[in-house]
1. Give me the percent relative contact order of segment 11-137, please, defined on Cα pairs under 8 angstrom at least 6 residues apart.
2. Taking a probe of 1.4 Å, how large is the accessible area per residue of the chain, in Å²?
3. Hey, can you rank 225-235, 197-207 by average C-beta count inside 10 Å, highest first?
4. Can you pull the accessible area of M93 for me, 1.4 Å probe, Å² to the nearest 10?
5. Between L84, L174, L253, find the one with the highest GNM mean-square fluctuation for the chain; connect C-alpha pairs within less than 10 Å.
6. Which of D170, D87, D118 moves most in a GNM of the chain, Cα contacts under 10 Å?
7. Just by accessible area at a 1.4 angstrom probe, what is the order of W26, W148 from largest to smallest?
8. Give me the accessible area of E47, 1.4 Å probe, in Å² rounded to the nearest 10.
Amino acid sequence: MNALVLDLDDSVRGLPDIMRLKMGDWQEAVRFGCSWRIWHEFRARLETLLPAAHGPVLMGSGDFHHISCLLIERQRQHDGLHVLVCDNHPDNMRFPFGIHCGSWVAHAACLPHVARIDVVGVSSSDVGWRHAWENRLGPLYRGRVRYWTIGVKSGWTRALGADVARNFADAESLVSALARELSGTSAPLYLSIDKDALHESVARTNWDQGLLLLDDLLSIVNTARPRLVGCDITGEVSAYRYQTRWKRFLSALDNQPAISPDDLAAWQQQQLAVNQALLQAIG
């Protein structure tokens, strides 16, 4: 099945033979986060545009990663679905105003057909003890969400269960352990990739970045591929100034940097090479 682009921010460049769904008019409403009212309106619009069957979905900046929740929701025919998220952040954080790119995993974990979500490649301090209170603890305690971290001390999670977080000293150890675990089950698998899990030397994104190299990510894809029933890719780099004050405020709190036009062009070229490698590996 062919890949497609949800073209919200005009950041997925250089892939000419690919279906594009023009959705730029939703960028301000959905980017970073939105209320539940807007979310339901966006879901209804997306349902009218998405074909019944399709390949990997490229969604632009990681600011749109919460759209993965809608794509996973569409996989309801696959009961016992295992979701694998490659991300530098847990995306299981508290957000009281609706849903946003850092809170969606908790909502996806509540879907009845989802058995478990593994978030792998996390090196962000979001899972450190200083930010423990910001994480949604329910999905962790119930075993619906697990963290696979690199170089982050998350000992506080042991109070929620022995298997809540797996900590690794380096990317190589994580990738090897993940390969062993994935090979031991035949459950249907949905793969969600945020390229901020990659080291910034591989491709720059809108967020602070992790420690995976491209070969690490491709190895994860190759291990997951026999069980894949769906996939999405975020983590493009794009420049945008929010019109709404609260989004400007929250994005500033997250230290999202301004990007010069020259850097943007160069970084999008890096992104193209990564996208081509990922799409080839996914097949």
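The values are calculated or read from the model by the stated rules, or taken from the named source; none is laboratory data. These numbers were taken from a predicted model, which means no experiment stands behind them. Don't worry about glycine lacking a Cβ; one is built from the backbone with ideal geometry, like all the others, and counts go over all protein chains shown. Protein only, heavy atoms only, side chains kept; ligands, DNA and RNA dropped before computing areas. Shrake-Rupley method; radii C 1.70, N 1.55, O 1.52, S 1.80 Å.
1. Taking the mean separation of contacting Cα pairs over the length of segment 11-137, I get 26 percent.
2. Accessible area per residue, the chain: 43 Å².
3. Sorting 225-235, 197-207 by mean packing, highest first, produces 197-207, 225-235.
4. 20 Å²
5. Highest fluctuation of the listed residues: L253.
6. With Cα springs under 10 Å in the chain, the top fluctuation among D170, D87, D118 is at D170.
7. So, going from the largest accessible area down, we get W26, W148.
8. Solvent-accessible area, nearest 10 Å²: 90 Å².
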